[in-house]
Amino acid sequence: MIQQGQVFKLTAKGVDGEPLWAYRYRLEGRSSARPQVGGFASRAEAQKALRKALERIGPGRGGAITLAEFVEEYLELHQAEPVTIGKLRWLLGKATTTLGEKRIADLSSKDVYAWRLTVPEGHRFEATQALRQVLNRAVAWGVLDFNPAKCGVANTQRRPKEKRPFDSWAQSEAIGARLGPVYGPMVIFGAATRLRPSELFGLEQHDVDRQAGVVYGTAYARSLPAKR
């Protein structure tokens, strides 16, 4: 045992066939949750990472930890692709820039509400959701009794304005013809089936039934455009 943490060997093995190591610790007393971080190649690496985590949080600090410190701890523990972590860090940076030095235990719904109004409308919803996500973890770990980013803080998603790029089928065909035989059919296909870009680019050959004139997906079955 090291202070409030523990280093231990995992059953999982690394690429070299040797067991991996992990550490875990408590933010508060025995009743609090124990965050766990694994995947270290050696006991020494796990011990070094544990010491760093304990130095940042400090023994028994719990609610005395600042929002910026807790965000760093959350991001270190969060399991996701690097691009997702990067996006989350960027969104949370909007909160830590204003509220980062505030003790997490002192963070109020009024603080979050006032901060939210300073975030540009285009990122306000996502930034607030990111903060809620982090503070949900603080509640789960017993650091907070409730999530101040949820209580009394509405986070209505901005409704995108409907866009009508084409006023007629003739206009879409004209764009398709201008783009040529490679990209033109894609525009015609997308306009006719009304697929989202993610749905359109994720299609595979077996999703298209030419004989029945239908394109299938996980949540839709739409008719193919008729030949003209």
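The values are calculated or read from the model by the stated rules, or taken from the named source; none is laboratory data. Just so you know, these numbers come straight off a predicted model, no measurement behind them. Reconstructed Cβ throughout: ideal geometry from the backbone, glycine too, with neighbour counts over all protein chains shown. When the accessible area is computed, the model is the full protein with side chains, heavy atoms only, and any ligands, DNA or RNA have been set aside. Shrake-Rupley method; radii C 1.70, N 1.55, O 1.52, S 1.80 Å.
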(message) Of the conditions (1) at pLDDT below 90; (2) among the basic types (Lys, Arg); (3) closer than 30 Å to Leu77 by Cβ; (4) assigned to a loop (DSSP other than H, G, I, E, B), Lys150 satisfies every one except a single condition; which number is it?
(response) (1)
(message) Looking at the stretch 1-25, I want the residues that are part of a loop (DSSP other than H, G, I, E, B) and have a partner that is at pLDDT below 85 and surrounded by fewer than 13 Cβ atoms within 10 Å (Cβ to Cβ) with Cβ atoms under 6 Å, at least 6 apart or on another chain. Which pairs are those?
(response) none
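Per-residue answers, yes or no, for (1) open to solvent by 90 Å² or more (accessible area, probe 1.4 Å); (2) not hydrophobic (A, V, I, L, M, F, W, C):
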{"residue": "Lys102", "(1), (2)": "no, yes"}
{"residue": "Asp145", "(1), (2)": "yes, yes"}
{"residue": "Trp169", "(1), (2)": "no, no"}
{"residue": "Ala174", "(1), (2)": "no, no"}
{"residue": "Gly184", "(1), (2)": "no, yes"}
{"residue": "Thr193", "(1), (2)": "no, yes"}
(request) Kindly establish whether Gly38 is at pLDDT below 90, open to solvent by less than 90 Å² (accessible area, probe 1.4 Å) and under 22 Å from the mean Cα position of the chain (by Cα). (result) yes
(request) Of all residues in the stretch 73-90, count the ones that are surrounded by fewer than 19 Cβ atoms within 10 Å (Cβ to Cβ), modelled with pLDDT of 90 or more and farther than 18 Å from Gly39 by Cβ. (result) 4
(message) If I filter the stretch 107-119 down to residues being in a loop (DSSP other than H, G, I, E, B) and open to solvent by 50 Å² or more (accessible area, probe 1.4 Å), which single residue comes out as nearest to Asn155 (Cα to Cα)?
(response) Leu117
(request) Please enumerate the residues belonging to the stretch 120-145 that are modelled with pLDDT of 95 or more and not in a helix (DSSP H, G or I). (result) none
